[in-house]
Structures are given as C-alpha cells and as structure tokens.
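One structure is given below, encoded as structure tokens.
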Amino acid sequence: MPHLTSHSSPLTCSSTLFIALILICSQPNRSTAAAAANATGRHRQMSFDYYAKSCPQVEQLIGSVTSQQFKEAPVSGPATIRLFFHDCFVEGCDGSILISSKPGSKELAEKDAIDNKDLRAEGFETIAKAKSLVENKCPGVVSCADILAIAARDFVHLSGGPYYQVKKGRWDGRISKATSVPPNIPRANSTVDQLLKLFNSKGLTLADMVVLSGGHTIGFTHCEQFSSRLYNYKGTKQPDPVIDPRLLKALRMSCPQFGGNKDIVVPFDVTTPFLFDHTYYANLEAKLGLLASDQALFLDPRTRPVVQDMAKDKQKFFQAFGAAMEKMGMIGVKRGRKHGERRRDCSFHG
C-alpha cells in the first residue's frame, strides 16, 4: 500500500494537510496456506514469557529505545509498524526484511525490492538500536524477529493505541529475496477481492483484513500512491467520484497533477494523523479515505459492516487490533536451528 522514502531526508510540509512521514500496511503472500499451516504447528512453542529466564528484561530494554525514538523521530512509529507488516507478509515474521543485500550479489534482499524502496530508515534504525542494547545484556538470545514484533507493539501503544501482549520465540529466517516481495504486498489500488485473496493466503480473515487496515490511523504516504484518484480515475480523465469534494480540493493543492514536489507526503487519516484511534473508519464512512484500497473497504458490502462496527466503538477496535496483530505475528514463524538462526546483527545473515 502506502509508500515513503527509505532514507532519512527532511520531510517537506504541505500547507494544506499535515504532512510528514509514512506508515505501514502492506500485506504479502508466501506460499499461501503453507505459510499459515507451517506456523500452526509451532504456535505451541511460543509464549509470552519465552525469555523469562534467558533475558527477563527484554521488553524494558526494547521499550527504552522505542520511547526515545518516539520522542526524537515520531516517524519511527508508523515506519516500524509498517516494517512488521512487510516482514510478516513475505516469508513470515522472521526478520528477513531487515537483511541487507550482499555487496556484489545479483540477488537483492527483500528490503531492496522496488515495493520496499519507501520503507523509512527510522524503522530499521529503531530495530538496530534495540538489538544492540539487547545483545549487550543478553548476547545471542533474542531474535531480530521478536524485537521487531515487540517494537511494533510499543509504537502502537505510544501513539495512543492498545497495549497487547506479544508472544515470543520466533527465530530469524535465512532467506530474503526481493523477488518474493511483489506478489505479497497489497497495492494502493488493490480491490477488495485482491486484498481478500492475499490475506486469506496468510490465514487471515476478512475481519482481520479490515481491522489491520486500521493501522492507517497513523502514518503518511506519497502523492503517487493516490494521484490517479485526483485526476484520472480508472482512465476517465476525471477524479474518483467517491472522494469528498473538500478533500479532493485540499489533496490537489498538495499534489498537483504535474511538476509537484515528490517528497511531499499526506496523512492516511486526515483528521487525527498522529493519533492511533478509530477515526480512520469514520473517515471511510465520510468519503475521506486516502487510498482507493482504503475507501474500497467501505464501498464493498462484504467489508462495510466491519468498517461501521469499528467506527462506532474505539475499544472494540483496540481489542480487535491487538488480537489481529497477534494472529499476524504468527505467520510463517521459524523455530529451531533447522529453520532459522538468531542473528547478532539483524542486517547480516550468516
């Protein structure tokens, strides 16, 4: 879905809408049911207190980094949450998104796939800092995959969202291929059918899909992700008739059809862009969805009831989001040396 720059560059602010950073939300595919089925047998070995003896202070260590990052570079929040989505949907939640491509290698790693070019550096930096601190206290014990899952939860909570427990015990995957990314990432213009196919292939339901899309309550994306809705919707040379006219006018000011600033970003949630709440769903009801794939969730009769349900009740959304994140966090989990490793440096495999 949404995309942003993967290097740290100053953000360009639009005068019309709050402009700043980026977010999450993408949903990949690895061999369909195999991913979900593969993980099921391993769930039993994961637990909330997995590191109780080997690294009892792991959550506090990671928490000290996430809270600091949230203060110094708030974009770290949506960037890390999005990183977790991208990790889980490609090859499972195994930290493979963090691996750097080998210099001189013809085969690029996941993070260098075109679809991942806009993953912001702040997400990777957060995990690297947390890993360094954890390694210092508990060398060779905690996986990068678990650190990413915990950090994503921390940022949901720091942004005003729910605090939910994270099951731990993931090992880090050894495979990271850019070619695995495209079939597994939802597009800004994905239809509900395409989204459902992708989410179902990961063992996630229609309700999970709508709830996880609520991650777009924070974060930002570039104009290119939705500009066709403003000027040439489905080749009509007209805007998408569904967009609220006031939003259309504001977005056109931020994102001109030609010659605009490519660094400008726009919030997914135009009403409370920095707060993790349920306003995303009310925005869809009011035709204020930014991406075609977001607005489609309200337009489609299969997903609309879930959107309406979440829009009505913030606590219900929070509870559902925590449960869906836990479920997503189990996709394709690796366990044991046969299937994985515990990387000392998250960016380096081997």
Range of Cα positions in segment 195-319 per principal axis (Å), largest first: 43, 29, 24
Reach of Lys106 by Cα under 24 Å, taken over lysines that are not fewer than 8 positions away in the same chain: Lys117, Lys177
Two-site label geometry, Gln165 and Lys338: point separation in nm, points 7 Å out along Cα→Cβ: 2.9
Quotient of Cα Rg and 2.2 N^0.38 Å for the chain, N being how many residues it contains: 0.94
Max mean-square fluctuation residue, GNM over the chain, Cα-Cα springs under 10 Å, options Pro74, Pro103, Pro56: Pro103
Among His278, His339, His86: highest mean-square fluctuation, GNM of the chain, C-alpha pairs under 10 Å: His339
Part-to-part distance (alpha-carbon centres) for segment 295-312 and segment 45-118, which is given in Å: 30
Pair Phe48, Glu285: separation of 7 Å Cα→Cβ label points (nm): 3.2
Lys, Arg +1 and Asp, Glu -1 on Cβ, resulting dipole of the chain about Cα centre, debye, nearest 20: 740
Fully extended contour minus Cα-Cα distance, from Lys316 to Ser100, at 0.36 nm per residue: 73.9 nm
Segment 245-331: translational diffusion in µm²/s, Stokes-Einstein, Kirkwood Rh over Cα pairs, 4 °C, 1.567 mPa s: 89
Neighbour-limited loop hits for trypsin sites (Lys or Arg not before Pro), segment 206-248 (at most 15 other Cβ within 10 Å; DSSP other than H, G, I, E, B): Lys237
Dimensions in Å of segment 140-184 - Rg and Dmax from alpha carbons: 13.5, 36
Cleavage-rule hits (chymotrypsin sites (Phe, Trp or Tyr not before Pro)) in segment 308-350: DSSP loop, at most 15 neighbouring Cβ within 10 angstrom: Phe348
Mean Kyte hydropathy of -1.0 or more with a Cα span along the axis of at least 18 Å, helices from DSSP in the chain: 58-72, 76-89, 121-137, 144-158, 314-328
Length added when fully stretched, Asp193-Gln238, from 0.36 nm per residue minus Cα-Cα: 13.8 nm
Linear extension gain, Met253 paired with Leu133, 0.36 nm per residue minus alpha-carbon span: 38.8 nm
FRET efficiency for Lys177 and Gln68, using Cβ-Cβ distance with R0 set to 25 Å, rounded to 0.05: 0.15
Sulfur and carbon atoms: percent of accessible area, the chain [1.4 Å]: 56
Unit charges on C-beta of K, R, D, E only; dipole of segment 306-350, Debye: 320
Phi-based couplings in Hz for segment 265-275 (Karplus 6.51, -1.76, 1.60; Gly and Pro marked x): 10, 10, x, 5, 9, 6, 9, 10, x, 9, 10
Selected from Ser227, Ser190, Ser54 as most flexible by GNM, with the chain as the system and alpha-carbon contacts under 10 Å: Ser54
Segment 139-230: radius of gyration and largest Cα-Cα distance (Dmax), Å: 16.0, 51
Kirkwood Rh (inverse of mean 1/r, distinct Cα pairs), segment 68-166, angstrom: 14.0
Simple Cβ-charge dipole of segment 40-121, Lys/Arg +1 and Asp/Glu -1, about Cα centre, in debye nearest 20: 100
Listed peptides 253-266, 192-205 by packing density, highest first (mean Cβ within 10 Å): 192-205, 253-266
Theoretical ellipticity at 222 nm over the chain - DSSP helices of four or more residues, -39500 (n - 2.57) apiece, nearest 500: -12500 deg cm²/dmol
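The values are calculated or read from the model by the stated rules, or taken from the named source; none is laboratory data. None of the values given here were measured: they were computed from a predicted structure. Neighbour counts are summed over all protein chains in view; Cβ atoms, including those assigned to glycine, are modelled from backbone coordinates with ideal geometry. The area values use the complete protein model at the heavy-atom level, side chains included, leaving out ligands, DNA and RNA. Shrake-Rupley method; radii C 1.70, N 1.55, O 1.52, S 1.80 Å.
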